[in-house]
Each structure stands twice: as structure tokens, then as C-alpha cells.
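Everything below concerns the one structure shown next.
The values are calculated or read from the model by the stated rules, or taken from the named source; none is laboratory data. Note that the coordinates shown come from a computational prediction; the quantities given were computed from them, not determined experimentally. As a convention, Cβ positions derive from the backbone with ideal geometry for all residues, glycine included, and neighbour counts pool all protein chains shown. Quick note on the areas: whole protein, heavy atoms, side chains included, nothing else; ligands and nucleic acids left out. Shrake-Rupley method; radii C 1.70, N 1.55, O 1.52, S 1.80 Å.
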Amino acid sequence: MAKPDILMPYRLLPIAEAELEKRFTVHKLFEADDKDTQLAKISEKIRGVALGFGPFGPDLLEKLPNVEIVAGFGVGYDHIDVPACLGQNVMVTHTPDVLNEEVADTAIGLMIMAIRELGQAEQWVREGKWAERKPYPTTQATVRGRTLGIFGLGRIGKAIAKRAEAFGLDIHYYGRSKQDGVDYTYHASLTELAAACDTLMVVAPGGPATQHAVNAEVLKALGPTGVVINIGRGSVIDETALIAALEDGTIYGAGLDVFEDEPNVPDALLKLPRVTVLPHVGSASQATRDAMALLVADNIKSWFETGKAITPVPEMKK
Ligand code: 8YV
């Protein structure tokens with residue numbers, strides 16, 4: 001029997017490419033000089049899409065009349081137009097769980113970096129200031145005694161909370177509803193959560209429902225000792241409001257792994273002294289990225305072998 005044809009619009013990790021090539025005819029569109037011509041030649045026979053870093057919207061969907069599944073890379077899937085896929089009866093999958101612990105590790109690391117200025121302190125050593133016998137200034141903030149407010153207590157949020165418990169932090173959360181069997185303090189709104197804590201950990205997914213949820217009002221409620229950590233999506237925070245709040249002392253500092261317009265980080269943010277920035281590396285160890293990429297391949301394999309995907313996005317289960 002002919003192998004099903006799979007489209008790979010963007011580069012995926014080699015481990016997943018190799019896995020898919022064992023059972024499918026894989027069309028690596030990213031290697032074509034003239035992508036439109038290449039796509040026009042193969043579009044009719046494409047039955048699955050293995051998505052790497054890059055968007056999937058109606059423009060591509062409408063060119064693939066026989067596509068059955070779009071397998072996304074990442075737990076977040078705001079780069080995939082799920083309603084458009086649902087409308088065409090196309091399965092969409094993502095890569096949850098395999099990255100939970102990695103992202104939680106990064107989140108805690110970023111929180112400590114931001115509060116204790118570890119990146120800036122390292123820079124101090126590298127610039128030779130310590131060797132000149134100048135001590136790095138003591139930080140005005142400490143992790144000790146903080147109240148951590150988690151926005152998005154899903155699987156990654158819970159892995160962060162578990163670590164934060166070991167750090168002795170008081171944990172609160174906000175989400176669509178209070179969760180059964182969860183002892184952390186629940187707040188019915190994000191502003192209430194911010195008012196009750198001094199460290200706001202943003203783990204929420206991107207998309208229209210969370211767009212700019214962390215706005216000027218929320219930042220004001222967080223207050224002058226407040227630190228915002230974002231490991232979720234850049235779109236969740238109104239970056240302009242965040243910069244203003246940092247500049248005028250409405251909040252104390254920030255640790256950011258994600259931004260509104262990646263890979264562009266506003267100069268105004270970089271100029272601020274108590275801001276730690278990372279280049280979207282939450283899940284970026286080789287082992288975890290390989291596990292995510294393999295799950296992309298496994299979803300496609302499972303779909304064509306059993307008719308079922310392993311990790312459909314929640315909208316597909318309704
Ligand atoms: C991905 C992420 O690497 O899983 C996610 O949602 O943000 C990262 O782990 C990124 O989405 C790559 O597309």
C-alpha cells in the first residue's frame with residue numbers, strides 16, 4: 001500500500017523527521033526554492049501536516065483538500081487556526097505533558113533570577129567589576145516570604161506550584177474555575193489574584209481569551225513589590241503597560257521568557273535594571289524538545305494506524 005503523504009512546512013527536529021520518514025512520504029516544503037509551485041504539485045495528496053515552528057491558518061488549509069490531521073509542536077497551539085480546522089473536520093494535536101517538568105524548572109529558575117538579579121550579578125563578574133573588589137549590590141527583593149499567584153493552574157502551573165511549595169511560598173491561583181482537590185487559595189479574578197500576591201506567575205496559554213489579560217489594572221493591583229514572571233505566551237501581557245509599570249515603579253521587576261513580538265524584545269524593556277529576559281527557552285533542552293517532536297510524529301502515526309490521535313487539542317474533544 002502507498003505510504004500516506006505528509007507535509008512538513010517548516011523544519012522539525014531530525015528525530016521526528018527520521019521517525020516520520022520510516023512510514024510516510026514526507027514532503028519538506030521548507031527545502032523548496034519555490035514553495036508555492038512545490039505545494040501546488042503535491043497539495044492534493046497531502047493527508048497530514050507535521051508542523052514545526054510556524055503558523056497554520058486558512059491560507060494553507062484551503063490548499064490541502066485531503067488533509068486529515070495537523071500535528072502541532074508545543075503545548076501552546078495559538079499558532080494553529082483550530083476553528084478553521086474544526087470547520088473542515090481536520091484533527092489538531094499538540095504536545096502536552098512531555099514538557100511540564102522542564103518548563104516548571106525554567107519558571108522557577110527565571111523567578112529566582114528576576115528577584116535576586118542573578119543574570120545581572122553574573123554580568124558583574126564577567127565585566128570584571130568583582131575583580132576590582134566591588135561587591136554586587138545586595139538585592140532589595142528576596143524570594144523569602146513571597147506569595148506566588150499562578151495565572152493558569154494547568155499541568156505546568158501545578159508542576160511550578162509543587163516546586164514553589166518546597167521553596168516555602170504561599171500559593172494562590174486564578175483560572176476559569178476553582179479546582180476540586182486543590183488546596184491553594186483561589187481568586188475569582190486576575191486583579192484579585194494580583195492584589196493578594198507579590199509574585200505573578202503567568203502560565204496561561206495565548207489566544208483571544210487571554211489577550212492582554214495582564215493589563216495596567218492588574219499590574220497596579222500587584223503593587224510596588226510585585227514581580228511578574230511570564231513563561232506562558234507574550235500576548236497574555238500588555239507589554240506597553242508592563243514597561244510603563246516597571247518604569248514608574250508601579251511594580252518592582254519582571255522575568256520574561258516570552259514576548260509579544262518574538263524574537264523582538266523592546267529596547268525599553270532591555271534598558272530597565274530589574275528585568276530578566278530569556279529567548280523563549282522554557283522547554284528548550286534537547287531531551288524535552290526531542291520528546292515533543294516525537295509526540296508530533298507519534299500523533300500522525302497513531303492517526304493513520306488506529307484512526308485516533310494521542311493528544312488532540314481540547315477543542316477536538318468537545
Ligand atoms: C515551544 C512552547 O517550543 O510548548 C510551547 O507552547 O512555548 C514551547 O515549548 C514553542 O511553542 C515552539 O513552537
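Taking the chain as a Gaussian network, Cα atoms linked when under 10 Å apart, which of 180, 97, 238 shows the biggest mean-square fluctuation?
180
Suppose R0 equals 45 Å; then what is the FRET efficiency for residue 305 and residue 121 from their Cβ-Cβ distance, rounded to the nearest 0.05?
0.30
Only loop residues by DSSP count here, and only those with at most 16 other Cβ atoms within 10 Å; note down the GluC sites (Glu not before Pro) in the range 89-171 that meet that.
Here the GluC sites (Glu not before Pro) that fit, given the DSSP loop and packing criteria, are 127, 132.
Separation between the residue 280 and residue 88 pseudo-spin-labels, each 7 Å from Cα along Cα→Cβ, expressed in nm?
2.3
How high is the relative contact order of the chain, given as a whole-number percent (alpha carbon pairs under 8 Å, six or more residues apart)?
Rounded, it is 18 percent for the chain.
Give, as a single signed number, the net charge of other residues whose beta carbon lies under 11 Å from the beta carbon of residue 287, with Lys and Arg counted +1 and Asp and Glu -1.
The answer is -2.
Could you please state, rounded to a whole Å, how far the C-alpha centre of the range 285-309 is from the C-alpha centre of the range 39-104?
Each part's Cα centre sits 13 Å from the other's.
Run the dipole for the range 100-277 about the Cα centre, Lys and Arg Cβ at +1, Asp and Glu Cβ at -1, nothing else charged, and hand back the magnitude in debye, nearest 20.
480
Within 10 Å, count the other beta carbons around each residue, average over each peptide in 240-249, 66-75, and list them highest first.
The densest-packed peptide leads the list: 66-75, 240-249.
Please identify which residues in the range 212-242 have an amide N closer than 15 Å to a label point set 7 Å out from the Cα of residue 140, following the Cα→Cβ vector.
Backbone N within reach: 223-228.
If packing is taken as the average count of other Cβ atoms within 10 Å, what order do 267-278, 1-12 fall into, highest mean first? Each step should come with its number before you reach the end.
Numbers: 267-278: 15.4, 1-12: 17.0.
Ranked by mean Cβ neighbours within 10 Å, highest first: 1-12, 267-278.
Full extension from residue 211 to residue 195: what is 0.36 nm times the residue separation minus their Cα-Cα distance, to one decimal in nm?
Full extension from residue 211 to residue 195 adds 3.7 nm.
Using the crude model of +1 on Lys and Arg Cβ and -1 on Asp and Glu Cβ, and no other charge, please compute the dipole size for the range 241-309 relative to its Cα centre, in debye to 20.
Numbers: 5 positive and 10 negative charges, 52 e Å.
The dipole magnitude comes to about 240 debye.
Would you work out the charge dipole size for the chain about its Cα centre, treating the Cβ of every Lys and Arg as +1 and the Cβ of every Asp and Glu as -1, and quote it to the nearest 20 debye?
Result for the chain is approximately 660 debye, rounded to the nearest 20.
Kindly state, as a whole number, the per residue volume in cubic angstrom of the convex hull around the alpha carbon atoms of the range 100-277.
119
Leaving out ligands, DNA and RNA, what percent of the accessible area of the chain is carbon and sulfur, probe 1.4 Å?
Its accessible area is 53 percent carbon and sulfur atoms.
With r as the distance between the Cβ atoms of residue 267 and residue 97 and R0 = 51 Å, compute the FRET efficiency 1/(1 + (r/R0)^6) and round to 0.05.
Values: r = 37 Å, r/R0 = 0.72.
Calculated transfer efficiency: 0.85.
Just the number please: accessible area per residue for the chain, 1.4 Å probe, all protein chains included, in Å².
Accessible area per residue: 49 Å².
Sticking with the crude label model, points 7 Å out along Cα→Cβ, report the distance from residue 180 to residue 112 in nm, one decimal please.
3.7
Taking 7 Å along the Cα-to-C-beta vector as the label spot, tell me the residue 1-residue 155 distance in nanometres, rounded to one decimal.
Going from the residue 1 label point to the residue 155 one covers 2.9 nm.
Mind listing which trypsin sites (Lys or Arg not before Pro) in the range 100-203 are in a DSSP loop and have 14 or fewer other Cβ atoms within 10 Å?
Details: sites: 116, 126, 129, 133, 144, 146, 155, 158, 162, 163, 176, 178; in loops: 129, 133, 144, 146, 176, 178.
Qualifying residues, ordered by number: 129, 133, 144, 176, 178.
Where a ≥ b ≥ c are the square roots of the eigenvalues of the C-alpha gyration tensor, would you call the range 1-116 rounded, which needs a/c under 1.5, or, failing that, prolate if a/b is larger than b/c, or oblate? Don't skip to the answer; put the middle values down first.
Values: a/c = 2.23, a/b = 1.90, b/c = 1.17.
The shape class here is prolate.
Counting only the backbone N, which residues of the range 265-289 are under 16 Å from the spot 7 Å out from the Cα of residue 53 toward its beta-carbon?
265, 278-289
Residue 301: net charge of surrounding residues, Cβ under 10 Å, Lys/Arg +1, Asp/Glu -1, itself excluded?
-1
Can you give the calculated 222 nm mean residue ellipticity of the chain, where each DSSP H run of n ≥ 4 adds -39,500 (n - 2.57) and the sum is split over every residue, rounded to the nearest 500 deg cm²/dmol?
Per the formula, -10500 deg cm²/dmol.
Would you tally the net charge around residue 216, using a Cβ to Cβ cut-off of less than 12 Å, leaving residue 216 out, and scoring K and R as +1, D and E as -1?
Result for the local shell: -3.
When the Kirkwood radius is taken over all Cα pairs of the chain, what Stokes-Einstein diffusion coefficient follows at 10 °C and 1.306 mPa s, in µm²/s?
Numbers: Rh = 21.2 Å.
Reported coefficient: 75 µm²/s.
Placing +1 on the Cβ of each Lys and Arg and -1 on the Cβ of each Asp and Glu in the range 175-318, which of 208, 235, 275 has its Cα farthest towards the positive end of the resulting dipole?
Positive-end residue among those listed: 208.
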